[in-house]
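What follows is one structure encoded as structure tokens, with my remarks underneath.
The values are calculated or read from the model by the stated rules, or taken from the named source; none is laboratory data. Nothing here was measured: the structure is a model prediction, and the numbers come from that model. Note: ideal-geometry Cβ built from the backbone for every residue, glycine included; neighbour counts use all protein chains shown. Only protein heavy atoms, including side chains, enter the accessible area calculation; ligands, DNA and RNA are left aside. Shrake-Rupley method; radii C 1.70, N 1.55, O 1.52, S 1.80 Å.
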Amino acid sequence: MERKGEIEICARAYVKMCLHAARYPHTAVNGLLLAQKRRGMVAGQADCLCVTDCVPLFHSNLSLTVMLEVALNQIDLWSAESDLLLAGYYQANSGIDDKSPSPLAQKTAGRIAELYDDAVLIMLDNRKFTTNPRVPPIIVLEQKDRQWVPKDKNLIMWRDWESSRHICKSLLEAKAYTQLVDFDVHLDDIREDWTNQQLNTEIAQLVSVANGSA
């Protein structure tokens, strides 16, 4: 079996996953992970998957099949135009101790994996999810023999974990999650921007400040 490569998680993707969960703390939330398109591989060497962004999907009913289809199609078209690819799925369950991927999570991530072999499934660990966690409160899974299993932690990289942690803390304390728009909100009012460009700009500014002071 071909060895799965490394995954690198950038601040924007991590922060928006956390803000989505924080905005709807008593319900399950889910979304799609986006990555940079790969520019070619070195022969015989596994490439690194760089997860740069995510699109928050739903918070009211995670099993809305028709709406999920609409979202997947629209996001796939938009990501292709933005030189990105669908690289995985994330979910936070409603229970504080529930970090197991639901059948919907496995099915949706599996569908993405049919199109992109290195797709990942990220589950948020609600017990570890605080304003300022010491370690990333997420579990990264990969598909092996059609089963989703935890990815080797040595293959999970962070663009800058300390920076991501502090940026997330700052935005959570500022209640920036109230700005976050998921696809549920967009479907209620199509003027709402599910790409969250305003929030992306705020995160980019904070990343620049962090890099400048590093």
Aspartates and glutamates whose Cα lies under 12 Å from that of Lys16, excluding same-chain neighbours fewer than 8 positions away: Asp53, Asp182, Glu202
Karplus-derived 3J(HN,Hα), 6.51/-1.76/1.60, for each residue of the range 157-168, Hz, glycine and proline x: 10, 10, 4, 6, 4, 4, 5, 4, 4, 5, 5, 5
Too-long pairs where the Cα-Cα distance tops 28 Å, listed order kept, from Lys37/Lys175; Lys107/Lys169; Lys99/Lys175; Lys4/Lys169: Lys37/Lys175; Lys107/Lys169; Lys4/Lys169
The range 135-214-the range 74-129 distance, computed between alpha-carbon centres (Å): 13
Per residue accessible area in Å² of the chain, where ligands, DNA and RNA are left out and the probe is 1.4 Å: 51
Gaussian network model of the chain, springs between alpha carbon atoms under 10 Å - residue of Val140, Val70, Val185 with greatest fluctuation: Val70
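Looking at the range 117-197, which trypsin sites (Lys or Arg not before Pro) are DSSP coil and have at most 15 other C-beta atoms within 10 Å of their C-beta?
Values: sites: Arg127, Lys128, Arg134, Lys144, Arg146, Lys151, Lys153, Arg159, Arg165, Lys169, Lys175, Arg191; in loops: Arg127, Lys128, Arg134, Arg146, Lys151, Arg159, Lys175, Arg191.
Loop-located and lightly packed - Arg127, Lys128, Arg134, Arg146, Lys175, Arg191.
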Among Ile96, Gln147, Ser164 - extreme Cα towards positive end, dipole of the range 84-164, charges at beta-carbon: Ile96
Cross-link partners of Lys151 among aspartates and glutamates (Cα-Cα below 13 Å; sequence separation of 8 or more within a chain): Glu6, Glu8, Asp118, Glu142
Candidates Thr195, Thr27, Thr65, ranked by Gaussian network fluctuation over the chain, Cα under 10 Å, top entry: Thr65
Cα Rg, Dmax (largest Cα-Cα span) when computed across the range 94-157, Å: 12.5, 36
Given charges at Cβ of Lys, Arg, Asp, Glu: the range 1-131 dipole, positive-most of Pro56, Val120, Val70: Pro56
Computed log₁₀ I(q)/I(0) - Debye formula, equal Cα scatterers, no solvent, the range 101-214, q 0.10, 0.11, 0.12, 0.15 Å⁻¹: -0.41, -0.50, -0.59, -0.92
Choice from Asn61, Asn200, Asn154 showing the highest fluctuation, given a GNM over the chain with Cα pairs closer than 10 Å: Asn154
Largest-first principal axis extents of the Cα set of the chain (Å): 46, 46, 38
Portion, in percent, of the accessible area of the chain that falls on carbon or sulfur, probe 1.4 Å: 50
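Provide the convex hull volume over Cα atoms per residue for the range 19-120, in Å³.
On the way: hull volume 11.4 nm³, N = 102.
It is 112 Å³ per residue.
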For q = 0.17 Å⁻¹, Debye-computed log10 I/I(0) when each Cα of the range 170-214 counts as one equal scatterer: -0.55
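Stretch Ser102-Asn132 to full length: gain in nm at 0.36 nm per residue minus the Cα-Cα span?
Values: separation 30, 0.36 × 30 = 10.80 nm, distance 2.66 nm.
Result for the pair: 8.1 nm of gain on full extension.
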The range 61-117: chymotrypsin sites (Phe, Trp or Tyr not before Pro) in DSSP loop, at most 16 other beta carbons within 10 Å: Tyr116
Note, ³J(HN,Hα) from phi for the range 104-115, Karplus 6.51, -1.76, 1.60, rounded to Hz, x at Gly and Pro: 5, 4, 5, 5, 5, 5, x, 5, 5, 5, 5, 8
